[in-house]
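For reference, the structure is listed below as C-alpha cells.
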C-alpha cells in the first residue's frame, strides 16, 4: 500500500497542482503555445514526484551504488545546472530591452497578435491601446501595423489593427499596413522594407509586450535601425506561459541560430 503523503509532499503536490492550473487555464481559454505545454509537463513531473518520492529516491539510492548509475546521476545533475544557467541567462536577455525616450518623429511599429473573428484579442487590444496613446501624444509619428493572417483568423492582424486605430481617430495617412509576416523576425524584416520604401527614417518605437521586446529590438538593430521600446504589460495569468515560450525562442535564436 502506498504510504501516506508527508506534509512536505503535500506542499509539493499543492505547488505542482497550482502550477498545472496556471498553465492549463490559458490553454483551455484558447491560448495554446509551447510555453504553456512545457509548464504543464514540468508541473506534472512535480506532482508525480510528490506521489512517488519513495520509489524515485530508492532508484536514485541504488544508482549511487554502481559506477554507471553515478555517471548517469552526474550527467543529469550537470544537465539540470545547465538548464538553470541558461534560464537565468535568457531571463537576463529578455529584460535587457532598450529603454529611453524616442524622438517625436520616430516611426511606431505595432507587432501583431491573435485576432478573434474581426476583433483584436485581449493581448492585441492592449498593444493597440498603448500604440493609440503614443500616437496621440506624438502627432508627428507614423505607424506600421505588422502581422499576417493565421489559419484561424478571418483577416490579417495588420488589417485588424488598422481598422481599430482608424475607428478611434488616427488619420489613415499615418498608418502603413504590413500584412504578410508570420513571426517576429518577419515582422521586423517586412516593416524595415516598409520603412525604406516610404522613407520613414531609421528610428523606430516598437510596441509589443515587455517579454517580447528583447527579440524585436534585437532584430531591429540587426537591420541597423535605432530601436526604442514601448512595452505593454501582460496579464499575470498569461505571463508564465509566454515567458517560457519566449525563453525557448531566445534559446533557438541565440544558441541554435533559428529565426
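The values are calculated or read from the model by the stated rules, or taken from the named source; none is laboratory data. Because the structure is predicted, anything quoted here is derived from the model rather than measured. Neighbour counts run over all protein chains shown; Cβ positions are idealised from the backbone, glycine included.
Annotations for the structure displayed:
- Among residues of the range 30-54, those that are assigned to a helix (DSSP H, G or I) and within 19 Å of the chain's Cα centre (by Cα), counted: 9
- Filtered residue count, the range 65-82, keeping only those that are out of contact with any helix residue (DSSP H, G or I) (no Cβ under 8 Å at 6 or more places or on another chain) and surrounded by 10 or more Cβ atoms within 10 Å (Cβ to Cβ): 11
- Some residue of the range 71-87 being touching a residue at least 60 places away in the same chain (Cβ under 8 Å), under 28 Å from the mean Cα position of the chain (by Cα), more than 27 Å from residue 8 (Cα to Cα) and part of a helix (DSSP H, G or I): yes
- Check on residue 98, in contact (Cβ under 8 Å) with a residue 12 or more places away in the chain and surrounded by 10 or more Cβ atoms within 10 Å (Cβ to Cβ): yes
- Taken together, the criteria exclude residue 114 from residues that are surrounded by fewer than 21 Cβ atoms within 10 Å (Cβ to Cβ), in contact with a strand residue (DSSP E or B) (Cβ under 6 Å, 6 or more places away or on another chain) and under 22 Å from residue 244 (Cβ atoms).
- Residue satisfying condition, being in contact (Cβ under 8 Å) with a residue 60 or more places away in the chain and either over 19 Å from residue 248 (Cβ atoms) or buried (at least 16 other Cβ atoms within 10 Å of the Cβ) (or both), within set 35, 48, 16: 35
- Residue that is nearest to residue 200 (Cα to Cα) [pool: residues in the range 125-150 that are part of a helix (DSSP H, G or I) and under 21 Å from the mean Cα position of the chain (by Cα)]: 131
- Residues satisfying the stated conditions in the range 128-149, i.e. within 23 Å of residue 238 (Cβ to Cβ) and touching a helix residue (DSSP H, G or I) at 6+ places or on another chain (Cβ under 8 Å): 128, 131, 132, 145, 146, 147, 148, 149
- Residue check, residue 166 assigned by TED's automatic domain parsing to the domain that holds residue 114 and more than 25 Å from the chain's Cα centre (by Cα): yes
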